[in-house]
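The structure appears below as structure tokens.
None of the figures in this text is laboratory data; all of them are computed from the coordinates on show. Note that this is a predicted model, so its numbers are computed, not measured. Positions of Cβ are backbone-derived with ideal geometry, glycine not excepted, and every protein chain shown enters the neighbour counts.
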């Protein structure tokens with residue numbers, strides 16, 4: 001059951017799937033999909049071409065009925081309460097069309113009415129959303145004359161109109177210049193800080209790693225890795241990447257480092273050694289103590305967290321879309 005704020009009454013996840021499967025005739029696009037996204041998370045959904053990302057988003061948006069499995073959005077079962085789920089979510093497809101014969105204001109006002117915003121509040125909310133996406137100066141411009149990047153911003157403004165509790169964004173940075181992408185990141189961080197749950201699909205891995213709090217990596221219709229980034233970073237394959245900076249060339253110490261029980265690999269570049277270390281956080285601390293006691297000239301020591309690109313590589317995915 002969901003509360004009147006769109007959040008699950010029990011404080012549970014805002015997005016939850018259980019054993020979801022999607023078939024297109026004799027092709028299975030998604031299989032055994034089970035994952036959760038908590039309130040206020042920015043969840044990055046990534047994977048190679050044909051991995052099932054778009055089918056997953058369409059299922060969550062109630063635009064595609066799964067072959068079987070359970071889907072909950074905002075605490076609502078989309079199979080039995082699709083209308084309630086739609087009321088709490090905002091969906092932004094990739095390259096969404098706009099009406100050429102409407103101004104930006106008219107385009108947003110039309111959707112504000114469709115979302116059921118009271119007429120007395122619509123104008124103010126439309127102006128707010130235009131400002132949020134930096135399109136106030138284009139208020140009276142025809143929507144069909146906008147550049148691709150501006151069109152993306154207009155569609156994002158439309159997605160924000162009814163203050164959704166869950167946002168599903170498919171390639172929202174497509175066509176945006178670097179400054180606009182930075183603005184998008186800031187906006188999504190702010191929304192997440194206000195409790196909005198954001199699921200975003202993108203092929204721009206560096207963009208996702210900069211602001212996603214959790215990630216799901218899909219391949220061949222299955223979720224290969226899923227969880228908060230810091231958890232996946234530390235435990236994707238049971239090892240950690242420990243960087244040791246030395247006052248002397250690291251090559252002279254590689255043999256000594258390789259002999260450490262929990263080090264499976266030591267790579268030296270100039271004055272830096274990178275260790276593949278199979279130990280927990282306490283053992284990382286013990287490793288530093290041991291190196292100093294052995295007389296190594298350590299001037300820097302830290303764990304290099306894996307980013308999304310590392311996780312993609314470890315999952316075996318070769319191409320991201």
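The table below gives the values:
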| item | result |
| --- | --- |
| Compactness of the chain as Cα Rg over 2.2 N^0.38 Å, two decimals | 1.19 |
| Separation of the residue 252 and residue 139 label points, Cα + 7 Å toward Cβ, nm | 6.9 |
| Cα-based helix-to-principal-axis angle, 178-193 vs the chain, degrees rounded to 10 | 90 |
| Normalised per residue, the volume of the convex hull around the Cα set of the range 1-110 (Å³) | 143 |
| Of all DSSP beta bridges in the chain, antiparallel share, percent nearest 5 | 70 |
| Distance (nanometres) between label positions extended 7 Å along Cα→Cβ at residue 299 and residue 270 | 1.1 |
| The range 15-233, relative contact order in percent, only Cα pairs under 8 angstrom and at least six apart counted | 30 |
| Beta bridges by DSSP in the range 56-201, antiparallel share as percent, to the nearest 5 | 25 |
| Candidates 14, 218, 142: whichever shows maximal mean-square fluctuation once the chain is modelled as a Gaussian network with Cα springs under 10 Å | 142 |
| Among 228, 289, 163, residue whose mean-square fluctuation peaks in a GNM of the chain (springs only between Cα atoms under 10 Å) | 289 |
| In degrees, nearest ten, helix 119-132 long axis to first principal axis of the chain (Cα) | 30 |
| Taking the convex hull of Cα positions in the range 238-305, its mean projected area over all directions (nm²) | 4.0 |
| Relative contact order, percent, the range 238-305 [alpha-carbon distance under 8 Å, six or more residues apart] | 46 |
| Share antiparallel - DSSP beta bridges, the range 238-305, percent rounded to 5 | 100 |
